[in-house]
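Presented below is the structure to which this report refers.
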Amino acid sequence: MTIAFICILIASLLPIIWIGIGKVLGGFSLKNNANPREVIAKTEKGILKRANWAQENSWESFAPFAAAVLIASFLGANQDQVDLFSMIFISMRVLHGAFYLSNKPLARSIVWFAGMGCNFALYYLSWNL
């Protein structure tokens, strides 16, 4: 198992972590579990709303990242570079979620672009074989 593959696993868990934090800090209770999506959708502001946005964005970024890692790995790109860009991507996604929860939009956008840069770098590694 490569570090990059472990990063795919971590990326798949981040959305669950963000919404979990939002639920705990946002006052979500067991009674809300009967219709969680409705409760979250009706939340107009606060950490629960931002956590839901972080969750949604994490799901959106997961597929391109996983595809980039798998393509680079299966085509035989330099594994050290694939691992490095994967670790940087995960670091940027953790920061992205933290900035989402703490309502820091400029910082969030900067790390989002850096994470996307890692995806492009992974595809570039595959292209240049």
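On a 0 to 90° scale, report how tilted helix 47-74 is relative to the longest principal axis of the chain, with both axes built from alpha carbons and the result rounded to the nearest 10.
20
Could you name the lysines in cross-link range of Lys31, using Cα to Cα under 27 Å and dropping any fewer than eight places away on the same chain?
Lys23, Lys42, Lys45, Lys49
What is the sum of charges, Lys and Arg at +1 and Asp and Glu at -1, for the other residues whose Cβ falls under 12 Å from the Cβ of Cys118?
Residues close to Cys118 contribute a combined charge of 0.
With Cα Rg over 2.2 N^0.38 Å defined as stated, name the option among [x] 1.07; [y] 1.16; [z] 1.67 computed from the structure displayed.
[y]
What is the stretch 3-127's relative contact order, in percent, from Cα pairs under 8 angstrom and six or more apart in sequence?
It comes to 32 percent, rounded to a whole number.
Filter the GluC sites (Glu not before Pro) in the stretch 1-110 to those in DSSP coil with at most 14 other Cβ atoms within 10 Å of their Cβ, and list the result.
Within the stretch 1-110, the qualifying GluC sites (Glu not before Pro) (loop, at most 14 other Cβ atoms within 10 Å) are Glu44.
In deg cm²/dmol, rounded to 500, what helix-only [θ] at 222 nm does the chain give when every DSSP H run of at least 4 residues adds -39500 (n - 2.57) and the total is split over its residues?
-28000 deg cm²/dmol
No lab work stands behind these numbers, since they all come straight from the coordinates. The shown structure was predicted, so the numbers you read here are calculated from the model rather than taken from an experiment. All Cβ positions, glycine included, derive from the backbone under ideal geometry; neighbour counts span all protein chains shown.
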